[in-house]
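Q: I have a structure here, written as structure tokens, and I will follow up with some questions on it.
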Amino acid sequence: MTKEKITILYVDDEVNNLVSFKAVFRIKYNVITAISGEEAIKILRNHTVNIIITDQRMPHMTGVEFLESILVEYPDPIRILLTGYADMAAVIDAVNKGKIFHYLTKPWNEEELDITINRAFDVYKQKMDEREMNDKLSLSNEQLEFLLRQKLLS
């Protein structure tokens, strides 16, 4: 059985960062890159993404604004915020509004980021497993209710 690659959407307004990230992680992960939050939203419409990694400081839309804007429509991907600035307000916003899983500073450390990606994917898998079990439980409950109604009517 082949193991499916983790799909990561990496959002950064600096082309060099996009190229570096893809060069480092493209063999291990399925990497999709976007130069802006707007482009990332278009990508999400056409791709299933497990993890979103975004830079905080981008023109037009910050990383937190991007994450907050997709929360309702795309709640499943695990979110990681990167920033080169020690901006506590951004971190607090990211946690409260963007529902981030982890916050890392730039420049990122390859090993630390890789560990964080794997931890994030474990959380993603757990969320998907819980959803599947809840769906099965709901179906079982519906079937039991149907059987009970049948029994009461007979």
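Q: What's the number of the only condition in (1) at pLDDT below 95; (2) under 19 Å from GLU112 (Cβ atoms) that VAL31 fails to meet?
A: VAL31 satisfies all of (1) at pLDDT below 95; (2) under 19 Å from GLU112 (Cβ atoms) except (1).
Q: Considering segment 1-12 alone, what residues qualify as being exposed (fewer than 15 other Cβ atoms within 10 Å of the Cβ) and either under 17 Å from ALA120 (Cβ atoms) or in contact with a strand residue (DSSP E or B) (Cβ under 8 Å, 6 or more places away or on another chain) (or both)?
A: Residues satisfying the conditions are LYS3, GLU4, LYS5.
Q: Spot the failing condition for LYS125; the list is (1) among the basic types (Lys, Arg); (2) closer than 25 Å to VAL19 by Cβ; (3) modelled with pLDDT of 90 or more, and only one is missed.
A: Every listed condition holds for LYS125 apart from (2).
Q: Within the group MET133, MET61, which residue is at pLDDT 85 or above, more than 20 Å from THR48 (Cα to Cα), assigned to a loop (DSSP other than H, G, I, E, B) and of a type outside the set (Phe, Trp, Tyr)?
A: Going through MET133, MET61 in turn, the sole match is MET61.
Q: Let me ask something additional. Out of the residues in segment 13-58 meeting the condition of being in a loop (DSSP other than H, G, I, E, B) and hydroxyl-bearing (Ser, Thr, Tyr), tell me which one is surrounded by the most Cβ atoms within 10 Å (Cβ to Cβ).
A: Out of the qualifying residues, it is TYR29.
Q: Looking at LYS3, LYS97, which is the one that is of a type in the set (D, E, K, R), farther than 23 Å from ASN118 by Cβ and at pLDDT below 90?
A: Among LYS3, LYS97, only LYS97 is of a type in the set (D, E, K, R), farther than 23 Å from ASN118 by Cβ and at pLDDT below 90.
The values are calculated or read from the model by the stated rules, or taken from the named source; none is laboratory data. Note that this is a predicted model, so its numbers are computed, not measured. Please note: Cβ atoms are built from the backbone with ideal geometry, for glycine as well, and neighbour counts cover all protein chains shown.
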